[in-house]
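The values are calculated or read from the model by the stated rules, or taken from the named source; none is laboratory data. No experiment lies behind these values; they were computed from the predicted model shown. Counting neighbours? That spans all protein chains shown, and the Cβs are built from the backbone with ideal geometry, glycine included. Areas reflect the complete protein model, heavy atoms only, side chains present, ligands, DNA and RNA absent. Shrake-Rupley method; radii C 1.70, N 1.55, O 1.52, S 1.80 Å.
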Amino acid sequence: MDRPEVNELAVNRFELQGLISELSPLRYTPAGVPVLEFLLSHESEATEAGQPRRIALSLVVVAMGDLAQMAGTMRLGCKVRLQGFLAPVRKDSQKYRLHAQHIQLI
């Protein structure tokens, strides 16, 4: 079976709403790009196979550049809606984090 081209697998969009439950200090890459990491806690309910399912999860989020500087004004307990993409923490890692591309305080 042929492997699909990379661009055929290009859809990687993620949206999640939750509370900021941990917030690291703003840091900078060696190239001077601002980086902010935080933990987003989410709780909701969804229907699966006709049955209600409670969902509770925490996800590491990273914001970079101007978005990191804006996000640096957030405080613990802030409610936010995030849009971004999932990527491995490191190459070949089975752990993922959300790379924020848009953050909205709600």
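Summary of computed values
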quantity: Test set (1) at pLDDT 95 or above; (2) in a loop (DSSP other than H, G, I, E, B) - Thr73 fails condition number; calculated: (1)
quantity: In the range 90-99, the residues that are touching a Phe, Trp or Tyr at 6+ places or on another chain (Cβ under 9 Å) and either under 20 Å from Ser44 (Cβ atoms) or modelled with pLDDT under 90 (or both); calculated: Leu98
quantity: Cross-chain or 6+ apart pairs with Cβ under 8 Å, the range 83-94 first and more than 26 Å from Leu105 (Cα to Cα), then surrounded by 10 or more Cβ atoms within 10 Å (Cβ to Cβ); calculated: Gln94/Pro88
quantity: Hey, Phe14 open to solvent by less than 90 Å² (accessible area, probe 1.4 Å), under 20 Å from Lys95 (Cα atoms), aromatic (Phe, Trp, Tyr) and touching a Phe, Trp or Tyr at 6+ places or on another chain (Cβ under 7 Å) or not; calculated: yes
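Results for (1) open to solvent by less than 50 Å² (accessible area, probe 1.4 Å); (2) touching a strand residue (DSSP E or B) at 6+ places or on another chain (Cβ under 7 Å); (3) hydroxyl-bearing (Ser, Thr, Tyr); (4) over 17 Å from Gly18 (Cα atoms), shown as yes or no for each residue.
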position	(1), (2), (3), (4)
Ser58	no, yes, yes, no
Val62	yes, yes, no, no
Asp66	no, no, no, yes
Gln69	no, yes, no, yes
Met74	yes, yes, no, no
Leu82	yes, yes, no, no
Arg90	no, no, no, yes
Gln94	no, no, no, yes
Arg97	yes, yes, no, no
